[in-house]
1. Using only the Cα atoms of the chain, each taken as one equal point scatterer with no solvent, compute I(q) by the Debye sum, divide by I(0), and report log10 of the ratio at q = 0.10, 0.18, 0.24 Å⁻¹.
2. Taking +1 at the Cβ of each Lys and Arg and -1 at the Cβ of each Asp and Glu, which of Gln82, Gly93, Ala21 sits farthest along the dipole of the chain towards its positive end, judged by Cα position relative to the Cα centre?
3. Can you give me the C-alpha center-to-center distance between the stretch 67-81 and the stretch 36-56, rounded to a whole angstrom?
4. Where the eigenvalues come from the Cα gyration tensor of the stretch 28-95, what are the semi-axes √(5λ) of the equivalent ellipsoid, largest first, in whole Å?
5. Just grab the label-to-label distance for Arg38 and Met1, each label 7 Å out from Cα along the Cβ direction, in nm (one decimal).
6. In straight Cα distance, which lysines are under 20 Å from Lys43, not counting same-chain residues fewer than 8 positions off?
7. With a 1.4 Å probe and all protein chains kept in place, how do Glu99, Glu27 rank by accessible area, largest first?
8. How would you order 81-88, 46-53 from highest to lowest mean count of nearby Cβ atoms within 10 Å?
Amino acid sequence: MFHFDDDLEKYMVEIDGVAFACEEPREDYEEEARKLARLYGEKQQALAEFLLPELQEIFEGVTAANLFQRLGKPTIDLSTFQIQYFDQTLDKGHIIQCEYDEDFEGFSCFSLDG
C-alpha cells in the first residue's frame, strides 16, 4: 500500500484525498491511515478552531469558510503525529504544520516552516 517517495524520502499513500507519510511502514499503519482519513473530515471544525487564530495573525483574508481550501491537501505523518500542508496557497514559501493527538482528539504545536 505505501510506496517510497524519493523526493520526500518517506513512504507515502493517499486515501480519500488525504496523504499519509511515514519513515518506515508498520503493520498497523494501513488501518490507522484509513481511520484518520475518515476522521479528518469529522474533526475539521476542531482543527479550524486551533489553526485559525494563528493563521489570522499572519495572513490576511483567512476565514473558517476558506481555510481548508487555502490549506490544500493535508499530509499526515504517522511517524511524527503531524499534519502538514505543503501546497497551501496562503503564501508560496512555507509549510504549515501542527501536531495531533490520537484520533485527532486535540491539536498542538502550530508551526510555520520554510
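1. Those come out to -0.28, -0.90, -1.52, one per q.
2. Selected residue: Gly93.
3. 10
4. Values: eigenvalues 108, 37, 19 Å².
So the equivalent ellipsoid measures 23, 14, 10 Å along its semi-axes.
5. With each label point 7 Å from Cα toward Cβ, the separation is 1.2 nm.
6. Those lysines meeting the cut-off are Lys35, Lys73.
7. Values: Glu99 70, Glu27 185 Å².
Result of the area sort, largest leading: Glu27, Glu99.
8. Working: 81-88: 17.9, 46-53: 15.4.
Top of the packing list down: 81-88, 46-53.
The values are calculated or read from the model by the stated rules, or taken from the named source; none is laboratory data. The shown structure was predicted, so the numbers you read here are calculated from the model rather than taken from an experiment. A quick note on method: Cβ atoms are made from the backbone with ideal geometry, for glycine too, and the neighbour counts reach across all protein chains shown. These area figures cover heavy atoms from the full protein model, side chains too; ligands, DNA and RNA do not enter into them. Shrake-Rupley method; radii C 1.70, N 1.55, O 1.52, S 1.80 Å.
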